[in-house]
């Protein structure tokens, strides 16, 4: 059995990790870390775990945890792991970090967008960006995996094949994204109160959301050059889900015409037909968050607008599963040579 520890087990992503790992036949959770609930029963924090989890919450002592487990998940705020990670820890155990601490290679970009000092930049080059469908081979060899977030996972996977194959101009890419409120975390915040969120939708982080450089970096690798995109997130009154609608200019073919539906579909199929967790929908079917809720699936599709010469790409996922905990489990499966789908064969919930 793989021994796992979770630091940040009482946040929404941490609790989703617990839920998924409790159903994983190869894993035993040895450490439920939570600085806010030390010595309290985990099931008292999350009553859905009553008579399922008998453990009490421990602290966030990652040095001690590294002596006890094979893999550590850190579902913690930005700056935590970067402030405590050492070479000694990585020599003892593998680490999958759900924060943004090791997602970007340039420490200056990280510090500029997150407004905090990075305490362990020496590990940035080694860290592998844990988008399984793109970096599978590198993830298998990693000690430190930077688990992508929900907005970035959906935004990148939706456009990746067309950027990689040069069908679109990536510098014209505009990403309109919408998220359920669980993406903001469990901590009490005025802006996330029921009366503030219900019957409302709002944009935030306009022109300066901190996931923007992460999307640009990863799609820049696909394009083979640095790119600049517009990314605008919105908060919508639902518990779970990410929906992205992305717009970009198509490149014309040599004969001066735009790619056809069949040609674009063939590109998506080239990259995703064999991917269990990415579903390219049938023609004219638009992704909806309710069709992926509670699952590790990403649904994607597109429409070509020959009138404007643009393509509209769409993607949907569950922000707590494929956008966080599910992707982390998928990364863990790769790290330990397991079936990539183990513990993740979740049929989407409906309604």
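The values are calculated or read from the model by the stated rules, or taken from the named source; none is laboratory data. Remember, it's a predicted structure, so these values are computed and weren't measured experimentally. Here Cβ is always computed from backbone atoms with ideal geometry, including for glycine, and neighbour counts include all displayed protein chains.
Report whether or not residue 326 is touching a helix residue (DSSP H, G or I) at 6+ places or on another chain (Cβ under 7 Å) and either modelled with pLDDT of 95 or more or closer than 24 Å to residue 75 by Cα (or both).
Taking the combined requirement at face value, the residue satisfies it.
Could you count how many residues in the stretch 78-92 are closer than 23 Å to residue 183 by Cβ and either crowded, with 20+ Cβ neighbours inside 10 Å or at pLDDT below 95 (or both)?
Number of matching residues: 3.
Give the stretch 156-201 a look and list any residue that's modelled with pLDDT of 95 or more and part of a helix (DSSP H, G or I), or say none.
Hits for the stretch 156-201 are 156, 157, 158, 159, 160, 161, 162, 163, 164, 170, 171, 172.
Looking for something modelled with pLDDT under 95 and either out of contact with any helix residue (DSSP H, G or I) (no Cβ under 9 Å at 6 or more places or on another chain) or assigned by TED's automatic domain parsing to the domain that holds residue 241 (or both) - is there at least one such residue anywhere in the stretch 20-35?
Checked the stretch 20-35: at least one residue is modelled with pLDDT under 95 and either out of contact with any helix residue (DSSP H, G or I) (no Cβ under 9 Å at 6 or more places or on another chain) or assigned by TED's automatic domain parsing to the domain that holds residue 241 (or both).
Looking at the stretch 75-91, which of its residues are assigned to a helix (DSSP H, G or I) and touching a residue at least 60 places away in the same chain (Cβ under 8 Å)?
80
Residue 232 passes all but one of (1) closer than 18 Å to residue 149 by Cα; (2) surrounded by 15 or more Cβ atoms within 10 Å (Cβ to Cβ); (3) in contact with a helix residue (DSSP H, G or I) (Cβ under 9 Å, 6 or more places away or on another chain); which number fails?
(3)
Would the stretch 264-273 turn up any residue that is surrounded by 14 or more Cβ atoms within 10 Å (Cβ to Cβ), more than 24 Å from residue 340 (Cα to Cα), without any contact (Cβ under 8 Å) to a residue 12 or more places away in the chain and assigned by TED's automatic domain parsing to the domain that holds residue 177?
Yes; the residues of the stretch 264-273 include at least one that is surrounded by 14 or more Cβ atoms within 10 Å (Cβ to Cβ), more than 24 Å from residue 340 (Cα to Cα), without any contact (Cβ under 8 Å) to a residue 12 or more places away in the chain and assigned by TED's automatic domain parsing to the domain that holds residue 177.
Before we move on, is residue 44 within 15 Å of residue 9 (Cβ to Cβ), modelled with pLDDT of 95 or more and assigned to a helix (DSSP H, G or I)?
In short, yes.
Hey, can you tell me all the residues within the stretch 307-339 that are farther than 23 Å from residue 137 by Cα and over 16 Å from the mean Cα position of the chain (by Cα)?
307, 308, 309, 310, 311, 312, 313, 314
Kindly provide the set of residues from the stretch 106-141 that are part of a loop (DSSP other than H, G, I, E, B), farther than 17 Å from residue 76 by Cβ and touching a helix residue (DSSP H, G or I) at 6+ places or on another chain (Cβ under 7 Å), ordered by number.
124, 131
Looking at (1) not in a strand (DSSP E or B); (2) not assigned by TED's automatic domain parsing to the domain that holds residue 141, which one does residue 330 not meet, given that it meets all the others?
(2)
With the requirement that a residue be surrounded by fewer than 21 Cβ atoms within 10 Å (Cβ to Cβ) and touching a residue at least 40 places away in the same chain (Cβ under 8 Å), what does the stretch 20-37 give you?
Matches in the stretch 20-37: 23, 24, 25, 26.
Can you name the condition, by its number, that residue 342 falls short on among (1) more than 28 Å from residue 137 (Cβ to Cβ); (2) in contact with a helix residue (DSSP H, G or I) (Cβ under 6 Å, 6 or more places away or on another chain)?
Going through (1) more than 28 Å from residue 137 (Cβ to Cβ); (2) in contact with a helix residue (DSSP H, G or I) (Cβ under 6 Å, 6 or more places away or on another chain) one by one, residue 342 breaks only (1).
Please verify whether the stretch 294-311 includes one or more residues that are surrounded by 14 or more Cβ atoms within 10 Å (Cβ to Cβ), closer than 28 Å to residue 342 by Cα and out of contact with any helix residue (DSSP H, G or I) (no Cβ under 7 Å at 6 or more places or on another chain).
yes
Return yes when residue 30 is part of a loop (DSSP other than H, G, I, E, B) and either over 20 Å from the mean Cα position of the chain (by Cα) or farther than 19 Å from residue 294 by Cβ (or both) and no when it is not.
The answer is no for residue 30.
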